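Colleague: Below you'll find the structure I mean.
The values are calculated or read from the model by the stated rules, or taken from the named source; none is laboratory data. This is a predicted model, so every value here is computed, not measured. Reconstructed Cβ throughout: ideal geometry from the backbone, glycine too, with neighbour counts over all protein chains shown.
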There are 2 protein chains.
Amino acid sequence: MTEAEFLEALRALPLHPAARGLTDDAAVLPAGTTPATVLTSDLLVEGVHFLSDDPADTVAWKLVATNLSDLAAKGATPVGVLLGYPLGDDAWDRAFLAGLATALATFGCPLLGGDTVRQPAGSPRFLSLTAIGHSDAAPARNGARAGDALWVTGTIGDAGAGLAIARGADGPQALLDRYRRPTPRLAEGRALASVAHAMMDVSDGLLLDASRMAAASGIGIAIDLADVPRSADLVRYDGDSPAARLAAATAGDDYELLFALPPGVTPPVPATCVGRFHAEPGVTLTDDGTPVPLPARLGFEHQGG
Amino acid sequence: MTEAEFLEALRALPLHPAARGLTDDAAVLPAGTTPATVLTSDLLVEGVHFLSDDPADTVAWKLVATNLSDLAAKGATPVGVLLGYPLGDDAWDRAFLAGLATALATFGCPLLGGDTVRQPAGSPRFLSLTAIGHSDAAPARNGARAGDALWVTGTIGDAGAGLAIARGADGPQALLDRYRRPTPRLAEGRALASVAHAMMDVSDGLLLDASRMAAASGIGIAIDLADVPRSADLVRYDGDSPAARLAAATAGDDYELLFALPPGVTPPVPATCVGRFHAEPGVTLTDDGTPVPLPARLGFEHQGG
């Protein structure tokens, strides 16, 4: 089954209203009084989400950061995490623990519990984390309206270049760090939560995630690749060609926040406007005003065989 | 690293007070007002927690039931679950979904969200589930006091015999069902939560779990094997020898509730008294009054290589 087919089947099961139809990255349990409880659970699998030779401390960091990024997109403050961990070789386990300690301390997010198992020999590591947070105003993914502007925090494409560098390409440490040590935009998420019509994090690629926000909202989105913010490091590394701009917009793992604001509203945090929603469904792409055909792959999808 | 070493290392990390020092099976977040939020997260790994030829629908049932059993031990009512699922072959996925639907409907516990990945070829399945519940009174594992009686719901040892049957031994379907379709004691847990000094579920074996409750409480426990309740099916299957009684008390997967009550207090649900806590640490074993040496293995521990 593909992920889409499986999700469709899950939607036929008893579903909590807080699951928001499984169209979102986190569940939001309304409280009798604010704040609401936000829950998210993510898997990291060796060979899929991280490389076998990625240092274990950075894998721990990434596991925490990617889950907290889902909380950030709901404007939530982390309460704690539950860890599912396969005990393998000693050196890896100890380095993982060191990275976990650093991440939890950095994000002020304590451990709540979890489960361990013995890692079966010869199989890839499966790491799981569930994060819980509290939010006063949790924007959905599906609230964008025609006419809204699409904004993104930070810069896009750095982590994709970092992955290439982790795989052996020549490039600066700063880009490698963006791949291995993403920063969840927790403060920005809290500041944006009450003004954004819709918000999500960019985990699978800006074009793919923007197309998901538009589709969930029942509308379409026009994006100009020349507006997608790229870091000076990335421009030095990959140049400024149309292909390089498209590569950045379809690369994953950036963990920036993507959000819809009403026209004319300026975001309360540093961000860049990269597109505009329109009534007609679909994605329209330009590069500095020139129409660009949609690439076959808008980002990273976990549907391969 | 062993599980114990890993847990010890985790205790040095930023730990939420609700984690209760990682000595418990669930985290309990105190609310400003009752009820408290209870969180638990468990992994089921193919070849460790279930057999490769266990039917997929029963694996889904077991994944839900074992997590809800941790909620039951905290007197909690389930709110919902988050699933971590590796997409593998179509037939298994569809049977898993059918079992998930049955379990969620049976326990009145809707899906809140989760994550999917593509199952790497040739590696065992890793399933993860996080359950969230609400509880008005969540007993800890470490609250037993010297003089308290130790009680257990239902019968013990059935699931251990069921595992042997699943592996090819000859035996009745009822025992196999106890292994494949455990029932979380949710109603019993709610009824017991406000009277039990300590409570946990029996997942790894009655002797092992009772020894953990005693150790967490800083006291010891005396258990008489002849008092451990065994089903008529199990007695027919395995006989009534001292060895059979010991086998039942050290078998896992029963998911009954084990709880400490003050002397003289009768539990509000059907249960059997199997022992008594005493001030001196350690486990003392008798069989119908005759002292029995402690076996090397008190239950099922995930610390093998």
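Colleague: Looking at region B:231-239, is at least one residue buried (at least 20 other Cβ atoms within 10 Å of the Cβ) and under 22 Å from B:P293 (Cα atoms)?
Modeller: Yes, that holds for at least one residue.
Colleague: Next question, about the same structure. Take the residues in region B:70-92 that are buried (at least 20 other Cβ atoms within 10 Å of the Cβ) and in a helix (DSSP H, G or I); name whichever of them is nearest to the other protein chains (Cβ to nearest Cβ).
Modeller: B:D70
Each row is one residue, and each column tells you yes or no for (1) surrounded by 19 or more Cβ atoms within 10 Å (Cβ to Cβ); (2) touching a Gly at 6+ places or on another chain (Cβ under 6 Å); (3) modelled with pLDDT of 95 or more; (4) at positive phi.
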{"residue": "A:E188", "(1), (2), (3), (4)": "yes, no, yes, no"}
{"residue": "A:D209", "(1), (2), (3), (4)": "yes, no, yes, no"}
{"residue": "A:D224", "(1), (2), (3), (4)": "yes, no, yes, no"}
{"residue": "A:P229", "(1), (2), (3), (4)": "yes, no, yes, no"}
{"residue": "A:R245", "(1), (2), (3), (4)": "yes, no, yes, no"}
{"residue": "A:L261", "(1), (2), (3), (4)": "yes, no, yes, no"}
{"residue": "A:T266", "(1), (2), (3), (4)": "no, no, yes, no"}
{"residue": "A:P291", "(1), (2), (3), (4)": "no, no, yes, no"}
{"residue": "A:R297", "(1), (2), (3), (4)": "no, no, no, no"}
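Colleague: Let me ask another. For the condition over 21 Å from B:A131 (Cβ atoms), at pLDDT below 80 and of a type in the set (V, I, T), what is the one hit in A:T77, A:T23, A:T58?
Modeller: After applying the criteria, what remains is A:T23.
Colleague: Can you pull out the residues in region B:2-58 that are part of a loop (DSSP other than H, G, I, E, B), hydrophobic (A, V, I, L, M, F, W, C), at the interface with chain A (Cβ under 9 Å from one of its Cβ atoms) and out of contact with any Asp or Glu (no Cβ under 6 Å at 6 or more places or on another chain)?
Modeller: Of the residues in region B:2-58, the ones part of a loop (DSSP other than H, G, I, E, B) are B:2, B:11-14, B:16, B:23-26, B:30-35, B:47-49, B:51-55.
Checking the rest, the ones that are also hydrophobic (A, V, I, L, M, F, W, C) come to B:12-13, B:26, B:31, B:48, B:51.
From what's left, at the interface with chain A (Cβ under 9 Å from one of its Cβ atoms): B:12-13, B:26, B:31, B:48.
Once the filter is applied, which keeps residues that are part of a loop (DSSP other than H, G, I, E, B), hydrophobic (A, V, I, L, M, F, W, C), at the interface with chain A (Cβ under 9 Å from one of its Cβ atoms) and out of contact with any Asp or Glu (no Cβ under 6 Å at 6 or more places or on another chain), region B:2-58 yields B:A12, B:L13, B:A31, B:V48.
Colleague: In addition: How many of the residues in region A:119-134 are within 7 Å of chain B (Cβ to nearest Cβ) and more than 23 Å from A:L39 (Cβ to Cβ)?
Modeller: So the answer is 3.
Colleague: Take A:G122 and tell me if it is touching a residue at least 40 places away in the same chain (Cβ under 8 Å), outside the structural domain of A:V265 (by TED's automatic domain parsing) and surrounded by fewer than 24 Cβ atoms within 10 Å (Cβ to Cβ).
Modeller: Values: touching a residue at least 40 places away in the same chain (Cβ under 8 Å): no; outside the structural domain of A:V265 (by TED's automatic domain parsing): yes; surrounded by fewer than 24 Cβ atoms within 10 Å (Cβ to Cβ): yes.
Taking the combined requirement at face value, the residue does not satisfy it.
Colleague: Go through (1) farther than 22 Å from A:P86 by Cβ; (2) at pLDDT below 95 and name the single condition B:L71 misses.
Modeller: Here B:L71 clears every test but (2).
Colleague: Checking the structure you have, find out if any residue of region B:165-188 is more than 20 Å from B:A27 (Cβ to Cβ), among the aromatic types (F, W, Y) and not assigned by TED's automatic domain parsing to the domain that holds B:D70.
Modeller: Yes, there is a match, as at least one residue in region B:165-188 is more than 20 Å from B:A27 (Cβ to Cβ), among the aromatic types (F, W, Y) and not assigned by TED's automatic domain parsing to the domain that holds B:D70.
Colleague: Can you pull out the residues in region A:1-15 that are in contact (Cβ under 8 Å) with a residue 12 or more places away in the chain and crowded, with 18+ Cβ neighbours inside 10 Å?
Modeller: Result: A:L10, single match.
Colleague: Further question: Output the number of the condition that B:T116 fails; it satisfies all remaining conditions of (1) part of a strand (DSSP E or B); (2) crowded, with 22+ Cβ neighbours inside 10 Å.
Modeller: (2)
Colleague: Pick from A:G154, A:G143, A:G160: which is assigned by TED's automatic domain parsing to the domain that holds A:P182, under 23 Å from the mean Cα position of the chain (by Cα), of a type in the set (G, A, S) and surrounded by fewer than 23 Cβ atoms within 10 Å (Cβ to Cβ)?
Modeller: Exactly one residue qualifies, and that residue is A:G154.
Colleague: If B:D57 meets every condition in (1) within 19 Å of the chain's Cα centre (by Cα); (2) in contact (Cβ under 8 Å) with a residue 24 or more places away in the chain apart from one, which number is that one?
Modeller: Result: B:D57 fails condition (1) only.
Colleague: Let me ask you something else. Please specify each residue of region B:185-222 satisfying the condition of being under 20 Å from B:E301 (Cβ atoms) and part of a helix (DSSP H, G or I).
Modeller: Of everything in region B:185-222, those that are under 20 Å from B:E301 (Cβ atoms) and part of a helix (DSSP H, G or I) turn out to be B:L206, B:L207, B:L208, B:D209, B:A210, B:S211, B:R212, B:M213, B:A214, B:A215, B:A216, B:S217.
Colleague: Taking into account only those residues within region A:167-186 that are over 16 Å from the mean Cα position of the chain (by Cα), surrounded by fewer than 24 Cβ atoms within 10 Å (Cβ to Cβ) and among the hydrophobic types (A, V, I, L, M, F, W, C), which is nearest to A:P270 (Cα to Cα)?
Modeller: Step by step, filter region A:167-186, then rank; the result is A:A174.
Colleague: To continue, here is another question. Among the residues of region A:97-118, which ones are over 21 Å from A:L39 (Cβ atoms) and either more than 9 Å from chain B (Cβ to nearest Cβ) or among the basic types (K, R) (or both)?
Modeller: The answer is A:A98, A:G99, A:T102, A:T106, A:R118.
Colleague: Filter region B:91-114 down to the residues that are modelled with pLDDT under 90 and over 22 Å from B:L186 (Cβ atoms) and list them by number.
Modeller: none
Colleague: Shifting gears a bit: From the set of residues in region A:250-280 that are more than 25 Å from A:D42 (Cβ to Cβ) and polar (S, T, N, Q), which is nearest to the chain's Cα centre (by Cα)?
Modeller: Applying the filter and picking the extreme gives A:T272.
Colleague: Name the one entry in B:G143, B:G147, B:G168, B:G162 that is on the phi > 0 side of the Ramachandran plot, touching a residue at least 40 places away in the same chain (Cβ under 8 Å) and either more than 9 Å from chain A (Cβ to nearest Cβ) or among the hydrophobic types (A, V, I, L, M, F, W, C) (or both).
Modeller: Numbers: B:G143 fails: on the phi > 0 side of the Ramachandran plot; B:G168 fails: touching a residue at least 40 places away in the same chain (Cβ under 8 Å); B:G162 fails: on the phi > 0 side of the Ramachandran plot.
Residue meeting the stated conditions: B:G147.
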